[in-house]
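J.: I have a structure I would like to understand better, so I am pasting it below and will then ask my questions one at a time.
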Amino acid sequence: MRLLLIRHGLSTFNLESKIQGRNDMSTLTEEGKSQAAKTGEILKEVSIEAIYSSPLQRAKETTNSLLKELEKPIEPIFDNDLLEVDLAPWTGLTTEQVKKKFPKEYQTWKVDPRKLELKRTDNGSFYKPIEELSLQAEKFLKKLLKKHTPQSKQTVIVVAHNAILRSLILELTGLNHKGFRRIKLDNTSISILNIKEHQSKEYQVQIECLNSTVHLNKSLPRKGNSARLILVRHGETDWNLQGRFQGQIDIPLNETGKSQAKKAGNFLSHVLINKAYSSSMIRPTQTATAIIEFQDQIQIEPKKELIEIAHGLWEGKLESEITSSWPDLLKTWKQSPDKVQMPEGENIYEVWERSVKCWEEISKSLTAQDTALVVAHDAVNKTIICHLLGLHPSDIWMIKQGNGGVTVVDISNDPGQPDVVTCLNLTSHLGGILDNTAEGAL
């Protein structure tokens, strides 16, 4: 089952930097209406079976605009379990006003939102807004997955708000409160999660894309006053297309892969990239070279720590060949990758250790003005992203990395704040909102 999560368009309160919460005084601005229309336009290519929406005006207006563009006879379902977080004491105040009036509470909100306690305006009792929101998200998901099971293979849209959409993502991925500040959701951004059957648990979730706003202005979200890293997976190879395990065999890009690399470079051409790093293998180096052709003269620094996982005796083989010789090990790899030692190769912990260490060394070397390109491989990128999101080596299947896909990470200036995965696996520059790149064999 494919789940498309869409945040409402720019609202009047967003424009004024006011806290909205569960308040229903805020409506879409003209820009917000335009954003919603553009979102509906890009989704025309997608077969959609159902739309759920928060009943608050700004979400309802976004939903109606989507439906107008989609021109599909779908009756939206407005569900109170998609209401935004209840921040009643702060509602209508600007961020600066909240900082001055509730300094301790605001600091808790920024550092560890789950610990925030507020006083109810009606009866004076204290409550924890994010804990309540998590229960609300859990309740909605139970209803949703009962009606739209993974086996249904349906595509469902959910239109709601920043905090409740984050809570839905955290509940589905098992991140809970740890990931609340690690992701970002902009107005009318599209995030795509694939929910699949799983043999040992209720379902398996794959994050295909997070916070895509390419349909709005063909570019990345605005960079703030901190360093930014752009993580790209190399373009397609013939072995990706055939489903062969590549690992550390140095296979070059095929023609499709070269085209993907060029398109990624064109997509990023408006970004001022001043540093570039790549796995020392040929396919990411070719990809990085194609991307920096659109930039002013910069050199690519090769990093051997970013080379792909060593599949050992599996390298060069199709999945069918591995099934014949290592059926149980392949099954374990697909279900519990952290429990597998590749025959005469690596395990995912070894990849995690070297790739994350290299990533952190790069990020620590950057200044706030820097934007750096990093090009690597499927398993390597997945371990880096899992680390950034607070996931575990066992969770690598939760992350999708398409050939030529772009992930953006903004490095925190505050030691108390995590780095932010601003957007994940953008592939719209390759054609369409969905990731249609080769499945590969990882």
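Read-outs: derived from the displayed coordinates by stated rules, not from any lab. Source: prediction; values computed, not measured. Ideal geometry is used to build each Cβ from the backbone, glycine not excepted, and the neighbour counts take in all protein chains shown.
J.: What is the Cα coordinate range of the stretch 323-365 on the first, second and third principal axes, sorted by size from largest, in whole angstrom?
T.: 46, 20, 12
J.: Same structure again: As an exercise, use a Förster radius of 35 Å and the Cβ-Cβ distance of GLN151 and GLN299 to find the FRET efficiency, rounded to the nearest 0.05.
T.: Details: r = 50 Å, r/R0 = 1.44.
E(calc), rounded to 0.05, equals 0.10.
J.: Using mean Cβ contacts within 10 Å as the protection proxy, how do 365-371, 302-308 order, highest first? Intermediate values should be presented prior to the final figure.
T.: Working: 365-371: 14.3, 302-308: 20.0.
Highest to lowest by the protection proxy: 302-308, 365-371.
J.: For the stretch 170-324, what does the alpha-carbon gyration tensor say about shape, rounded, prolate or oblate, given a ≥ b ≥ c as the root eigenvalues, a/c under 1.5 as rounded, and a/b over b/c as prolate? The partial results should precede the final answer.
T.: Numbers: a/c = 1.88, a/b = 1.04, b/c = 1.81.
Oblate, since a/c reaches 1.5 and b/c is not below a/b.
J.: Using the Cα atoms of the stretch 1-128, I'd like the radius of gyration and the largest Cα-Cα distance, Dmax, both in angstrom.
T.: Reported Rg and Dmax, both Å: 16.9, 49.
J.: In addition: Would you work out which of LEU118, GLY235, ASN436 lies farthest towards the positive end of the dipole of the chain, given +1 charges on the beta-carbon of Lys and Arg and -1 on that of Asp and Glu, about the Cα centre?
T.: Of LEU118, GLY235, ASN436, it is LEU118.
J.: Pull out a ≥ b ≥ c, the square roots of the eigenvalues of the alpha-carbon gyration tensor of the stretch 228-430, then state rounded if a/c is under 1.5, prolate if not and a/b is larger than b/c, and oblate in the remaining case.
T.: On the way: a/c = 2.04, a/b = 1.36, b/c = 1.50.
Oblate shape, in that a/c is at least 1.5 and b/c is the bigger or equal ratio.
J.: While we're looking at this one, here's another question. Just need log10 I(q)/I(0) for the stretch 269-359 at q = 0.14 Å⁻¹, Debye formula, equal scatterers on the alpha-carbon atoms, no solvent, rounded to two decimals.
T.: For the stretch 269-359, the Cα-only Debye profile gives -0.65.
J.: Now, a different point. Compute from the Cα atoms of the stretch 22-78 the Rg and the Dmax, the latter being the longest Cα-Cα distance, and quote both in angstrom.
T.: 11.3, 34
J.: Note down, for the stretch 96-188, the three equivalent ellipsoid semi-axes (square root of 5 times each alpha carbon gyration tensor eigenvalue), biggest first, whole angstrom.
T.: Working: eigenvalues 170, 45, 28 Å².
They are 29, 15, 12 Å, listed largest first.
J.: How do the peptides 49-60, 333-344 rank, highest first, by the average count of neighbouring beta carbon atoms within 10 Å per residue?
T.: Going from most to least packed, we get 49-60, 333-344.
J.: What does the extension gain come out to for GLU31 and HIS198, with contour length at 0.36 nm per residue minus their alpha carbon separation?
T.: Values: separation 167, 0.36 × 167 = 60.12 nm, distance 4.15 nm.
Gain in length upon complete extension: 56.0 nm.
J.: What fraction, in whole percent, of alpha-carbon pairs in the stretch 202-263 exceed 13 Å separation? Please report the intermediate quantities before stating the final value.
T.: Details: 1442 of 1891 pairs.
Every Cα pair in the stretch 202-263 considered, those over 13 Å come to 76 percent.
J.: Would you mind calculating the gained length between ASP414 and SER47 on full extension (0.36 nm times residue separation, minus the Cα-Cα distance), in nm to one decimal? It would help to have the intermediate numbers written out before the result.
T.: Values: separation 367, 0.36 × 367 = 132.12 nm, distance 4.23 nm.
Going from the current span to full extension adds 127.9 nm.
J.: When a/c reaches 1.5 or more, the comparison of a/b and b/c decides; with that in mind, is the stretch 2-217 rounded, prolate or oblate per its Cα gyration tensor? Numbers along the way, then the final one.
T.: Values: a/c = 1.92, a/b = 1.29, b/c = 1.48.
Judged from the Cα gyration tensor, the stretch 2-217 comes out oblate (a/c at least 1.5, b/c at or above a/b).
J.: Among the listed pairs LYS339/LYS364; LYS38/LYS60; LYS110/LYS223, give every one whose C-alpha distance is greater than 22 Å.
T.: Details: LYS339/LYS364 31 Å; LYS38/LYS60 16 Å; LYS110/LYS223 19 Å.
In this structure, LYS339/LYS364 lie more than 22 Å apart at Cα.
J.: May I ask for the distance between the Cα centers of the stretch 37-116 and the stretch 258-294, given as a whole number of Å?
T.: 35 Å
J.: Average the reciprocal distances over every distinct pair of alpha-carbons in the chain, invert the result, and give the Kirkwood radius in Å.
T.: Evaluated on the chain, it is 22.6 Å.
J.: What is the calculated FRET efficiency for GLU117 to LEU15, with r their C-beta to C-beta distance and R₀ = 30 Å, to the nearest 0.05?
T.: Values: r = 29 Å, r/R0 = 0.97.
That gives a FRET efficiency of 0.55.
J.: A follow-up question, please. Pull out the extension gain between LYS128 and LEU272, defined as 0.36 nm times the separation in residues minus the alpha carbon to alpha carbon distance; nm, one decimal. Intermediate results must be reported in sequence, preceding the final value.
T.: Details: separation 144, 0.36 × 144 = 51.84 nm, distance 4.17 nm.
Contour length minus the Cα-Cα distance gives 47.7 nm.
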